[in-house]
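This report refers to the structure that appears directly beneath it.
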Amino acid sequence: MAKRGGFPGGMGGMNQANMMKQVQKMQRQLQEQQEALENSEFVGTAGGGAVSVTMTGKREIKNLTIDPEVVDPEDVEMLQDLIVAAFNEAQRKLEEMNASSLDKLTGGLGGNFGGLF
C-alpha cells in the first residue's frame with residue numbers, strides 16, 4: 001500500500017508543495033548564478049602571455065592584447081594560432097566556471113537537474 005502525501009519512487013515523503021518550493025528556490029539560485037557568470041570576465045593567454053584574450057560571461061570578447069614582439073609579418077600563422085589558443089583558453093575557463101556553479105547549485109544532479117526540468 002502506497003503512503004499518502006508522498007511521491008512513489010523514493011522522494012522521501014516530500015509533498016508536492018515542498019517540492020515546488022525547492023524547485024522555485026533552485027530556479028532563483030540558478031538565475032543568480034547565471035547573472036554572476038554573465039558579469040564575470042575570463043582571461044585566456046597563449047605564448048607565455050604574448051597574446052591575451054578577455055571574454056565576458058556572455059561570451060563576448062572584451063579585450064585582445066598582443067605583444068608587438070610576436071607580430072612577425074613573415075609568420076602571420078603563428079600569431080593567428082596564438083589568438084585562437086588564447087580565445088579557447090578563455091572559453092574553457094568560462095565553461096569550467098559554469099559547470100562548477102551548476103554542480104554546486106544542483107548538488108551534482110547535472111544539467112537537467114535530475115530530470116526535474
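Taking the fewest neighbouring Cβ atoms within 10 Å as the starting point, the ordered list for LEU94, LEU30 is LEU30, LEU94.
Applying Stokes-Einstein at 4 °C and 1.567 mPa s to the Kirkwood radius of region 17-72, computed over alpha-carbon pairs, gives a translational diffusion coefficient of 94 µm² s⁻¹. Our coupling estimate for region 17-30, obtained by passing each phi through the Karplus curve with A = 6.51, B = -1.76, C = 1.60 and θ = phi - 60°, is 5, 5, 5, 5, 4, 5, 5, 5, 4, 5, 5, 4, 5, 5 Hz, Gly and Pro reported as x.
Every number here is computed from the coordinates shown, using simple stated rules; none is lab data. Bear in mind that the values here come from a model prediction, so they are computed numbers and not experimental data. Backbone-built Cβ (ideal geometry, glycine too); neighbour counts: all protein chains shown.
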